[in-house]
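Working notes for the structure below.
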Amino acid sequence: MLTPGLISVTFRKRSPAEIIALVSQANLRAIEWGGDVHVPHGDLHRSMEVRRQMQDSGLVVSAYGSYYRVGQSEREGLSFECVLETAVALAAPTIRVWAGTVGSQQADAAYRARIIEESRRIADVAAAANVSISYEFHGGTLTDTNESACRLLREVDHPNVYTFWQPPNGEQPAYCLAGLQALLPRLTHVHVFHWWPTASDRRPLAEGRDRWAQYLRAIRATGRDHFASLEFVRNDSLNAFLEDAQTLRHWLVSE
């Protein structure tokens, strides 16, 4: 089953309470909370308060978008244990992390080995708390191409390491679909948007219907539960968000 939701950083300037109200108004079911603004690392009081507000509103936490960068954040003073403690207090089932700080073309063998080793370590730590690890599928990291993302998951080879997916910016549907299909065995959730041809060109989600019809069919084929969460909207507009939310809900019922 695919459940519609929102990534909280879509509205970074709004409070958690405002975001929860917006998601309820839009008839979405879940929120992925960002660790940079809304639920900061180590702020357990905020985590538990947001968790309570979600429960009171009948919503679920889909993930903790930690912005933890494997191979880098520990060196900058952010421990994974702090991130995990925050995610547990929030009741997040998975923690979204970034696979390093450089793209696959710039990463040498030693760098990849470091990312692999740390990925396994944090996956072990998270597993003890019944929380999974999910890579961000994103440029400037080791998941910046279909091939590199699949290779990284094979090399890490850990039962508690998964990946998110989103359409790579500027790529044609065939390439996007091929990458998605290759990642399906390790897929957790999906970030939903329609940006074309660049990330600066945010378009109404409805204009991406033909692309997303293919993607959603592929995701449903896993037979597992996934969250499909809206990420950013044109002009950061509330009306645009409500329109995109309506589009997404319609797709998940009809496609």
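The values are calculated or read from the model by the stated rules, or taken from the named source; none is laboratory data. In this text the structure is predicted, and so the values were computed from the model without any measurement. Counting neighbours? That spans all protein chains shown, and the Cβs are built from the backbone with ideal geometry, glycine included. Each accessible area value is taken on the protein alone, full model and side chains, heavy atoms only, with ligands, DNA and RNA left out. Shrake-Rupley method; radii C 1.70, N 1.55, O 1.52, S 1.80 Å.
Structure summary
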{"item": "Segment 102-131, residues that are among the polar types (S, T, N, Q) and open to solvent by 30 Å² or more (accessible area, probe 1.4 Å)", "result": "105, 106, 130"}
{"item": "Options 71, 65, 58, 42; residue that is of a type in the set (Gly, Ala, Ser), surrounded by 20 or more Cβ atoms within 10 Å (Cβ to Cβ) and on the phi > 0 side of the Ramachandran plot", "result": "71"}
{"item": "Sole residue being in contact (Cβ under 8 Å) with a residue 60 or more places away in the chain, touching a helix residue (DSSP H, G or I) at 6+ places or on another chain (Cβ under 7 Å), assigned to a helix (DSSP H, G or I) and open to solvent by less than 70 Å² (accessible area, probe 1.4 Å), chosen from 177, 248, 252", "result": "248"}
{"item": "Residue 139 at positive phi and either part of a loop (DSSP other than H, G, I, E, B) or touching a strand residue (DSSP E or B) at 6+ places or on another chain (Cβ under 9 Å) (or both)", "result": "no"}
{"item": "Residues that are in contact with a Phe, Trp or Tyr (Cβ under 9 Å, 6 or more places away or on another chain) and either closer than 13 Å to residue 231 by Cβ or small (Gly, Ala, Ser) (or both), drawn from segment 4-18", "result": "4, 5, 6, 7, 8, 9, 10, 11"}
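Okay, residues lined up against (1) in a loop (DSSP other than H, G, I, E, B); (2) in contact with a strand residue (DSSP E or B) (Cβ under 8 Å, 6 or more places away or on another chain); (3) on the phi > 0 side of the Ramachandran plot; (4) of a type outside the set (Phe, Trp, Tyr):
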position: 170; (1), (2), (3), (4): yes, no, yes, yes
position: 185; (1), (2), (3), (4): no, no, no, yes
position: 188; (1), (2), (3), (4): no, yes, no, yes
position: 199; (1), (2), (3), (4): yes, no, no, yes
position: 206; (1), (2), (3), (4): no, no, no, yes
position: 212; (1), (2), (3), (4): no, yes, no, no
position: 216; (1), (2), (3), (4): no, yes, no, yes
position: 227; (1), (2), (3), (4): no, yes, no, no
position: 235; (1), (2), (3), (4): no, yes, yes, yes
